[in-house]
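Shown next, in structure tokens, is the structure this report addresses.
The values are calculated or read from the model by the stated rules, or taken from the named source; none is laboratory data. Here the structure is a predicted model, which means the values were calculated and not measured. Counting neighbours? That spans all protein chains shown, and the Cβs are built from the backbone with ideal geometry, glycine included.
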Amino acid sequence: MANSDKTSRIEDTFAEAFEGIFCRLMVTADDERALRAAAEDATATPSVVIGRVEGGVERYLYEKETPDKRKGALLQFWAEVNPNKPFAESLQKFEKELSYRIRQDILVKPFTMVLDALPEAEAKMDMMERVGHCGDGYERVEKRYGKKVIVVPLMVPDFVIERQIGYAHGVMGANIWVMCTTKYALQKAGEKALEAIHKVAGVVTPFDVCSAGSKPETHYPLIGPTTNHVYCPSLKQQLGEASKVPKGVNYIPEIVINGMSMDAVKAAMKAGIEAALDVEGVVGVSAGNYGGKLGKYKINLKELFK
């Protein structure tokens with residue numbers, strides 16, 4: 001597809017993103033079923049809105065890519081940094097929520113191991129207090145694969161986790177909206193966009209193809225952000241001129257992207273847009289933003305192609 005054709009179908013707008021902290025974990029297991037269950041379960045509740053960490057599978061690993069020569073997965077876990085509170089509060093909450101994911105979704109899968117996979121961490125979190133002590137005092141520290149690990153004795157022996165897990169700051173909430181005329185276009189564009197995005201190292205798509213774009217204003221604050229009604233195709237007739245759904249568009253899926261760096265996020269957005277625009281029935285691409293109220297990063301869609 002010619003570059004001019006791409007940009008003509010890309011709205012002149014920006015995706016609004018914000019700062020977050022993340023860790024990057026390598027999980028390995030004896031068999032693929034246990035590995036995928038651990039990876040998918042641990043990253044299955046992505047919503048920061050309800051105070052939980054946001055997670056995603058970056059990619060799956062071959063045996064030759066892991067230190068124990070078992071199949072593995074790279075997972076990222078994210079939390080928003082509250083700019084109005086001390087950073088220590090955001091970090092403490094992140095550690096707590098992360099420990100739930102590890103204990104409830106990875107540790108319980110037979111023969112799993114968790115290692116730090118963040119090459120340039122800003123600092124480290126000690127996993128002993130919130131994860132290691134699942135051994136009820138019988139846990140032990142050993143050196144394996146050149147790393148200091150905690151061995152947690154279990155009824156199916158045993159769970160292993162690297163004692164120090166790194167974290168760093170990154171970019172959360174970047175996104176693309178795909179304007180689709182048919183259900184086939186929605187499904188195919190989502191599939192192709194995700195495939196292209198996940199070829200970029202260092203990014204995750206915590207919601208994959210998401211049907212529920214939101215807005216900060218709401219009539220129901222106890223819920224948090226609610227549906228972005230002006231972009232709901234089923235409300236187009238009811239809203240009349242207030243609707244912002246383009247003519248002929250019946251589906252607007254959103255793909256959210258978190259990344260270890262801004263360069264990685266931009267590369268992933270561009271890859272996803274290019275892949276989606278090659279699908280018949282996709283009439284354009286836009287993005288969600290809140291006029292700059294949500295985050296400090298503004299990623300202009302057309303500038304990705306300059």
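Determine whether region 9-21 contains at least one residue that is assigned to a helix (DSSP H, G or I) and either aliphatic (A, V, I, L, M) or in the same structural domain as VAL256 (by TED's automatic domain parsing) (or both). No, region 9-21 contains no residue that is assigned to a helix (DSSP H, G or I) and either aliphatic (A, V, I, L, M) or in the same structural domain as VAL256 (by TED's automatic domain parsing) (or both). What residue, of ALA79, ALA44, ALA73, is in contact (Cβ under 8 Å) with a residue 60 or more places away in the chain and either of a type in the set (Gly, Ala, Ser) or not in a loop (DSSP other than H, G, I, E, B) (or both)? Within the list ALA79, ALA44, ALA73, the selection yields ALA44. Listed by first and then second residue, the pairs with beta-carbon distance under 6 Å, at least 6 apart or on different chains, first residue in region 90-117 and surrounded by 22 or more Cβ atoms within 10 Å (Cβ to Cβ), second among the polar types (S, T, N, Q), are ILE106/THR112; MET113/THR28. Any residue that is within 12 Å of LEU107 (Cβ to Cβ), among the charged types (D, E, K, R), modelled with pLDDT of 95 or more and in contact with a strand residue (DSSP E or B) (Cβ under 7 Å, 6 or more places away or on another chain) - is there at least one of those in region 144-154? The answer is no, given that none of the residues of region 144-154 is within 12 Å of LEU107 (Cβ to Cβ), among the charged types (D, E, K, R), modelled with pLDDT of 95 or more and in contact with a strand residue (DSSP E or B) (Cβ under 7 Å, 6 or more places away or on another chain).
Any residue that is closer than 30 Å to VAL81 by Cα and β-branched (Val, Ile, Thr) - is there at least one of those in region 215-223? Yes, region 215-223 contains at least one residue that is closer than 30 Å to VAL81 by Cα and β-branched (Val, Ile, Thr).
Is there a residue being charged (D, E, K, R), on the phi < 0 side of the Ramachandran plot and surrounded by 20 or more Cβ atoms within 10 Å (Cβ to Cβ) anywhere in region 118-141? Don't jump to the end; show me each part of the working.
Start the filter on region 118-141 by keeping residues that are charged (D, E, K, R), which leaves 120, 122, 124, 126, 129-130, 136, 139-140.
Restricting the remaining residues to those that are on the phi < 0 side of the Ramachandran plot gives 120, 122, 124, 126, 129-130, 139-140.
Applying the additional criterion that residues be surrounded by 20 or more Cβ atoms within 10 Å (Cβ to Cβ) yields none.
Within region 118-141, not a single residue is charged (D, E, K, R), on the phi < 0 side of the Ramachandran plot and surrounded by 20 or more Cβ atoms within 10 Å (Cβ to Cβ).
Let's see how each residue does on (1) among the aromatic types (Phe, Trp, Tyr); (2) farther than 28 Å from VAL53 by Cβ:
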{"position": "THR182", "(1), (2)": "no, yes"}
{"position": "ILE197", "(1), (2)": "no, no"}
{"position": "VAL204", "(1), (2)": "no, no"}
{"position": "PHE207", "(1), (2)": "yes, no"}
{"position": "ALA212", "(1), (2)": "no, no"}
{"position": "HIS219", "(1), (2)": "no, no"}
{"position": "PRO225", "(1), (2)": "no, no"}
{"position": "PRO233", "(1), (2)": "no, yes"}
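Of the residues making up region 35-57, not a single one is among the charged types (D, E, K, R), surrounded by 13 or more Cβ atoms within 10 Å (Cβ to Cβ) and over 17 Å from the mean Cα position of the chain (by Cα). If you go through region 14-53 and keep only what is modelled with pLDDT of 95 or more, in contact with a Phe, Trp or Tyr (Cβ under 6 Å, 6 or more places away or on another chain) and of a type in the set (Val, Ile, Thr), you end up with just ILE21.
Residue check: is GLN187 over 26 Å from ARG9 (Cβ atoms) and either in contact (Cβ under 8 Å) with a residue 12 or more places away in the chain or assigned by TED's automatic domain parsing to the domain that holds VAL282 (or both)? Here the answer is no, as GLN187 does not meet what is asked.
Report yes if ASP136 is assigned by TED's automatic domain parsing to the domain that holds GLY56 and touching a residue at least 12 places away in the same chain (Cβ under 8 Å), otherwise no.
Numbers: assigned by TED's automatic domain parsing to the domain that holds GLY56: yes; touching a residue at least 12 places away in the same chain (Cβ under 8 Å): no.
Against the criterion (assigned by TED's automatic domain parsing to the domain that holds GLY56 and touching a residue at least 12 places away in the same chain (Cβ under 8 Å)), ASP136 does not qualify.
Among helices (runs of 4 or more DSSP H) lying entirely in region 170-285, which contain 1 or more residues that are surrounded by fewer than 17 Cβ atoms within 10 Å (Cβ to Cβ) and touching a strand residue (DSSP E or B) at 6+ places or on another chain (Cβ under 9 Å)? Lay out the reasoning, then the answer.
On the way: elements: 183-197, 236-239, 262-277.
It comes to 183-197, 262-277.
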